[in-house]
1. Working from Cα positions, state the angle (0 to 90°, nearest 10) between the long axis of helix 41-55 and the longest principal axis of the chain.
2. Express in nm, to one decimal, how much length is gained between E13 and H27 on full extension, taking 0.36 nm for each residue of separation and deducting their alpha carbon distance.
3. Kindly provide the helix-only [θ] at 222 nm of the chain, computed as the sum of -39,500 (n - 2.57) over DSSP H runs of four or more divided by all residues, to the nearest 500 deg cm²/dmol?
4. Mind checking the angle between helix 11-30 and the chain's longest principal axis? C-alpha axes, 0 to 90 degrees, to the nearest 10.
5. Return the equivalent ellipsoid semi-axes of the chain as a descending list in whole Å, where each equals the square root of 5 times an eigenvalue of the C-alpha gyration tensor.
Amino acid sequence: MSNSDVLEVTIEELKELVDTLVEEKLHRFLGDPDEGLELREDVKARLRKSLNSQAQGERGIPLEDVIKRFGLNSK
């Protein structure tokens with residue numbers, strides 16, 4: 001492999017690339033764990049409501065509020 005074959009990427013870009021490749025490989029080996037499962041009717045109803053709200057221009061809860069509510073760290 002010559003130097004011209006190596007991409008110049010940041011550490012974050014490299015980490016993202018590795019994460020994506022690992023995820024793809026695991027999915028190929030293990031498949032989709034939810035394959036064949038059906039959504040419950042209450043979940044379908046919540047998804048429909050969410051999609052309808054979004055289509056009407058309504059906004060959800062800001063990420064910052066969710067982070068505070070559940071005591072999550074952004075990183």
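Every read-out reported here was derived from the displayed coordinates using simple, explicitly stated rules and does not represent laboratory data. From a predicted model like this one, the values you see are computed outputs, not experimental measurements.
1. Compared with the principal axis, the helix lies near 80 degrees.
2. 2.9 nm
3. Only helices count here, giving -18500 deg cm²/dmol.
4. Helix 11-30 sits roughly 70 degrees off the main axis of the chain.
5. Numbers: eigenvalues 251, 100, 38 Å².
Rounded to whole Å, the semi-axes are 35, 22, 14.
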